[in-house]
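The values are calculated or read from the model by the stated rules, or taken from the named source; none is laboratory data. Since this is a predicted model, take the numbers as computed values, not measurements. Ideal geometry is used to build each Cβ from the backbone, glycine not excepted, and the neighbour counts take in all protein chains shown. Ligands, DNA and RNA are stripped out before the accessible areas are found, and what is left, the full protein with its side chains, is counted by its heavy atoms. Shrake-Rupley method; radii C 1.70, N 1.55, O 1.52, S 1.80 Å.
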Amino acid sequence: MSWANLRRALSVLGAAFLLATGCAHQIDDPIEKLAPTRAPTAVATPAFASLAEAEPALTALEDRRAFEGATLDAASSSRDPLARARAALALGRIGDARASGPLGRLLGDGSPDVRSAAAFAAGILGDQGLTDSLAPLLADSDPAVAARAAWALGFLESSGGEAALTAAIPSAATPELRAAFLRGLWRFSTPGSRSGAMPYVADPDPSVRTAALYVLARRPQLTSLDALTGALEDPDPQTAALAARALGILGKAESVGPLARAIDGTRGPVTINAMLGLAVVLEQNPNAAFPSDLRARVILLAGDANPNLAIPALRLLRWQTEDREAFRRLWTVASTGKERRQQVALQALMAGLGAKSLDLADTAIASPDPYLRGAAAEALSFLPAADAATRRARLAADPEVVVRLRVLDGLKTPAEAQGSRALVAALLEDSNPGVRAAALDALALSEDPGILSVCLQMVTRSYGDRDPDVPISAIGAAEKTPENSDARAVVEAAYRHPSTLVSRLARRSLVKTFHADPAEFPWREYVTGKSLADYAALLADARRPWTATVETARGTFTLRFSGDAAPLTVMNFVGLARKGYFDGAPIHRVVPGFVVQDGDPTGTGNGGPGYEIRDEPNTIPYLTGTVGMALAGPDTGGSQWFVTQAPQPHLDGGYTVFGSVVSGMDVPLRIEQGDRIIRVTASAESR
C-alpha cells in the first residue's frame, strides 16, 4: 500500500478525537548509529485506535525531531496496521538511536505494509545493527517487502548487507525482484558488489540488465571498464547514458574513442553524458587526442536549440580552440551570446587559449553582467599565475555576491588556495555569510592545519548570525583532520551554537567522525511553536489536491504535490508561492541530464527564506519530472527545489520528494541556467 493510501485513511473526525483525548505530543546522508541520550518520557499514553488519531502526533514529533517513547509506542502498538506503518516512518525520520528497538520489532510485524515501512525507516535511520533483522526479509512472502529490504540494506552499506544481497540475487523468484536485489548493491563499490552484478550485465530481461549495469556504473571500478564500454550500446538510453558517465569518472584514455562514437545526437541522454564524460577524460589525459571525426558533430551540437546538448558541446570545444571553425563558434558565442551559453563559451576559450585569452577575459571582467564576470572569475586558473592573481584581487572586491563567490569557487587546488591566502582572509570578513562560508571552504582546501584556529573564531563569531552557512563550513573543514584535538574543539563550539540546526549537525559530526560519547552531547530538539491542533489542520490542508503552475519565458509547466507523503514540505512551498517568493527568481542551476533547480531569489545558490524545514524522506522514486527539495545537509531545506530531467535512483530516500511535473515537461528540458521564473501560482483543485 502506498503512503498516499495510508494518508487518505485519515479523517477530520479522527483528528478531532485525538485532540479531545490529548493523546499527543510531537540531510549526494543516513543518520549514524547513536546511543540513547535520555530516558523515554514517562507518560501513560493509551494506544492509538487508528491512523487518524496517530498522524498529527507523529507529524509533530517529526517536526521537532523529538523521540517521545510513550507516543511512539502507542502508535507502533496500535491495532491499526496503517498506524503502525506510520509509526515506523516516524521512527526513521526522527533519527534517534532508540528507534532501533521498535523498528526491529516492526520488521517482524504480521502486516506487509508495516514490514515495508519499517524496512524503509531502518534505511534512513542508518543503524547498521538492523542488518540482521533486514536480511531475512529478502525472502519475505511479499515481493514489495523484499524489494524494500534490499533498498534498505544498500542504504546501510554494511558488509553483512552486501553479503545477504549477493547471496539472494540468484534465487530471486522473479526478474523484478532480482533487479531490486541488484539495485541494492550499487552503494557498496567493492569487488564483491561487482562480482554479484557481473553475471547479469547481458541478461535478456531489460530490468535485470539495467540494474546490474547500474551497480557497475554508479560507483565505477576499473575492473568494470570493458562492461561499461559495451553498455554504451545498450538499447535503454538511460542505461547507456549512465555507462558514459561512469567512463568519465574512470577517466581512462582508452575511453576517448568509445565515448566519441556515442556522441551521435540521436539518443539525447547518451549524447549528453558522452560529451560530459569525454570532457573529463580529456582533462585527465592531456596527451589524448581529440577525435578528428568528432569535431564537426560537436560544433553542430554547440548551436543546438536544446541547452542540454549545446552547453556540454561548448565545453568540449575547449580542446579544439586551434581549429578555425571551433574557435569561430566559441568566439561568436562568447562575444555576442547570452547568459549561460556565453559564460560557458568564455570559460572554454580561457581554458583552451590560456594567456591568449587575456583580452577576452578582461572584456568579460568589465561587463555589466555579474554572471559573466563570475564566469571569468571561475576560470582564472587557466591564465598564467601572475595574470590570474591580479584579476582575482579585482574581482574579489566586486559589489555582486555571485562574483565574489565565483572567485572562491575558482580556487581549484591546494596550491591556488595557499597562494591566495590574503585574498581569502579578506573575504572571511565579507558582509555576506555565504561568501564567508566559501572563504572557509577555500581555507580548508589549502590543507593547512593552522586554519583550525580561524575556524574556531568564525564559529564563535557566528553565534549572533541567523544564517548557518559559516558554522556548517567550519564543521566540514574540521572533519578533514578528525585526529586533531583543535578540530574537535571547532565542532564542539558548533554544537553550542544557538541554531538548533547547527547544533544537531555538529552533534552528528562529533559522534560519527570524532567518535565522541553520544551521552555527552544530547540531541537538541526544534521548537516549532505549533500545537497539536495546528498539525491536525496542516495535515488536512496538505491532503487537498494542490497544484502549481510555473510560468517561465520558455513556457509553463504544472506541478502536482504529494501532500500525503510530505505535508510539511508541500505546505511550506504553497505558503512561499502564495507570498510571491519564487516570482522573478533566476533559475540558478541547470545540470544537463540531471536537474533544474530554483528557489533562490539571490541567484547565488546560497539564498533561502531565513529558516529551515525538516526532511520528509519517503518511498516515492525519482523519475523524470520528480520534484524534490534541495539540501546542503540533513534538515537544511527551505525554498530551493528541483525537477529531475531523467530518473535519478541514487536520490531515492535521501531528498524529500514532494511532487511531480504533470504537464509541460518539455519546458524543464529546455530551460537554461539564468532564465527567470515569471511567477508560481499554487491552488487546490476541486476533487
Per residue convex hull volume, Cα atoms of the stretch 414-509, in Å³: 75
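Could you list the square roots of 5 times each eigenvalue of the Cα gyration tensor of the stretch 98-207, that is, the equivalent ellipsoid semi-axes, sorted largest first and rounded to whole Å? Walk me through the numbers on the way to the answer.
Details: eigenvalues 108, 49, 17 Å².
Equivalent-ellipsoid dimensions as semi-axes: 23, 16, 9 Å.
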Heavy-atom accessible surface of the stretch 489-630: percent carbon and sulfur, 1.4 Å: 52
GluC sites (Glu not before Pro) lying in DSSP loop within the stretch 352-453, provided at most 12 other Cβ fall within 10 Å: E429
Largest to smallest principal axis extent of the C-alpha atoms in the chain, angstrom: 78, 61, 55
Apportionment of accessible area to carbon and sulfur, the stretch 62-215, percent (1.4 Å): 55
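Using the Cα centre of the chain as the reference point, and only Cβ charges (+1 on K/R, -1 on D/E), how large is the resulting charge dipole? Debye, rounded to the nearest 20. Write down the numbers at each step before the final one.
Numbers: 68 positive and 75 negative charges, 134 e Å.
Dipole size: approximately 640 debye.
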C-alpha center-to-center spacing [the stretch 373-387, the stretch 508-544] in angstrom: 43
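May I ask you to order 653-659, 475-481 by the average number of other C-beta atoms within 10 Å around their residues, highest value first? Before the final figure, lay out the partial values.
Numbers: 653-659: 24.6, 475-481: 21.0.
Ranked from most to least packed, the peptides come out as 653-659, 475-481.
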P(r) histogram, all alpha-carbon pairs of the stretch 560-687 included - 10 Å bins from 0, percent: 13, 48, 36, 2
Solvent-free Debye scattering, log10 I(q)/I(0), computed from the Cα coordinates of the stretch 180-248 at q = 0.25, 0.26, 0.27, 0.29 Å⁻¹: -1.07, -1.16, -1.26, -1.46
Added length on full extension, which subtracts the Cα-Cα distance from 0.36 nm per residue, K579 to A173: 141.0 nm
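When the Cα atoms of the stretch 616-687 are enclosed in a convex hull and the volume is divided per residue, what value in Å³ results? Intermediate values should be presented prior to the final figure.
On the way: hull volume 9.3 nm³, N = 72.
So the per-residue Cα hull volume is 129 Å³.
Which value in Å is the Kirkwood Rh of the stretch 147-280 over different Cα pairs? All intermediate terms of the calculation are to be shown ahead of the outcome.
Values: mean 1/r = 0.0681 Å⁻¹.
Computed over Cα pairs of the stretch 147-280, the Kirkwood hydrodynamic radius comes out at 14.7 Å.
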Burial order of peptide ranges 297-305, 593-601 (average beta-carbon count within 10 Å, highest first): 593-601, 297-305
For N618, residues with placed amide H under 5 Å, excluding near neighbours: G653, V657
For the stretch 609-657, alpha-carbon Rg relative to the globular expectation (2.2 N^0.38 Å, N residues): 1.08
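Computing the accessible area with a 1.4 Å probe over protein heavy atoms, can you report the carbon and sulfur percentage for the stretch 303-394?
Values: 2060 of 3940 Å².
The C+S portion of the solvent-accessible surface of the stretch 303-394 is 52 percent.
Using a 1.4 Å probe, what is the accessible area per residue for the chain, in Å²?
Result: 38 Å² of accessible area for each residue.
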3J(HN,Hα) from dihedral phi, the stretch 393-406, Karplus parametrisation 6.51/-1.76/1.60, rounded to Hz, x for glycine, proline: 5, 5, 6, 5, 9, 4, x, 8, 4, 4, 6, 5, 5, 5
Cut-off under 5 Å, modelled amide H: who pairs with V595 long-range: Q645
A139 paired with R670, simple spin-label distance in nm, labels 7 Å along Cα-to-beta-carbon: 5.5
